[in-house]
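The values are calculated or read from the model by the stated rules, or taken from the named source; none is laboratory data. What you see is a predicted model; the values in this text were computed from it and never measured. Because the Cβ atoms are built from the backbone with ideal geometry, glycine has one as well, and the counts that use them run over all protein chains shown.
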Amino acid sequence: MHWDIKSRLNFSLVSAFLLVGFVVAVGTYIFRRYSNKPQETAVLQVISPAVQDTWTTGYTYTIKWLSQNVPIDNVISITIRKVSPVVAQTEGQEFDPVVFTGFEDTGSKEWTISSMYPEGSYVLAIHSSPTGSGGQVISAESAQFSIASEKIIGGQKDESGCLIAAGYSWCEAKQKCLRTWEQYCNAAVSTTTVFTCDDKKTITATFYPQDDTYVDLILSDNRSISVSHALSASGARYAKADESFVFWTKGATAFITENGATTFANCQTAE
């Protein structure tokens, strides 16, 4: 009887050791598998300014970017560098390279261009960095664009300071000078919908339900377009006057035709 109890105790100890070994082995396997799992790459993409854009000192423009897999508590800074012509420095700094610093990642930032920037070609850089010390800083540069000095032709400015000769007029709703063929003067509340299309294309559409006269579109090829609402018997239709660009949407679907050909097909919302 004494031997039977001892044998059972030995068997229980061996079983316990084997169980512990099995748990440790499984835990080690799971840890190695998931610790070696590749993490999604954080990406920044600057949408605006776009290639060949010309921005004029004294006016307000919107810097836009897309961020993916970026930590939500990161903050954004924006810097600028001159590409050409590079003027030799005689004393001091030609301009401050820091445009904005330490603000929330909202995807856009309005910028009134100071006259301290001389005419020429520039590149903006968006930097996403952790709020604390250490961590990875993610950066992306815009396409090369131009800054031009404001040129008053015949002194043609209205009482709000908008340059009439260049097509600008004062927008009370947005409290700034703008050109109506570039953006609409509207203070209506907006809603934004993202459509995913064939060939990994996307359409980001901003609608204005209270005043549905146009839609603002940002396309995955970096184009930003405002299109007027046109009459349609089926769904919502937004088109340029010459019908060279038409955006159709109905429910959770959409598509775009350009010069009669479908360029964004089978677009659907994520919902």
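For this structure, a couple of remarks:
- Count of segment 212-231 residues which are surrounded by fewer than 14 Cβ atoms within 10 Å (Cβ to Cβ) and either over 23 Å from Val46 (Cβ atoms) or without any contact (Cβ under 8 Å) to a residue 12 or more places away in the chain (or both): 4
- Complete set of residues in segment 191-224 that are at pLDDT 90 or above and not in a strand (DSSP E or B): Cys197, Asp198, Asp199, Lys200, Lys201
- Segment 136-151: number of residues that are in contact with a strand residue (DSSP E or B) (Cβ under 7 Å, 6 or more places away or on another chain), in contact (Cβ under 8 Å) with a residue 40 or more places away in the chain and surrounded by fewer than 16 Cβ atoms within 10 Å (Cβ to Cβ): 4
- With respect to (1) touching a residue at least 12 places away in the same chain (Cβ under 8 Å); (2) assigned to a loop (DSSP other than H, G, I, E, B); (3) not aromatic (Phe, Trp, Tyr), the lone exception for Gly132 is condition (1).
- Every pair of residues 6+ apart whose Cβ atoms lie under 6 Å, when the first sits in segment 52-74 and is more than 30 Å from Met116 (Cα to Cα) while the second is at pLDDT below 90 and in a strand (DSSP E or B): Gln68/Val43
- Residue ID - nearest to the chain's Cα centre (by Cα), chosen from residues in segment 67-82 that are modelled with pLDDT of 90 or more and farther than 22 Å from Thr57 by Cβ: Ile76
- When segment 41-55 is filtered for residues that are within 22 Å of Asp216 (Cα to Cα) and of a type in the set (S, T, N, Q), the ones remaining, listed by number, are Gln45, Ser48, Gln52, Thr54.
- Failed criterion for Pro85 (all others in (1) modelled with pLDDT under 80; (2) surrounded by 11 or more Cβ atoms within 10 Å (Cβ to Cβ); (3) assigned by TED's automatic domain parsing to the domain that holds Ile63 hold): (2)
- Unique residue being touching a residue at least 40 places away in the same chain (Cβ under 8 Å) and in contact with a helix residue (DSSP H, G or I) (Cβ under 8 Å, 6 or more places away or on another chain) when the list is Ala265, Ala254: Ala265
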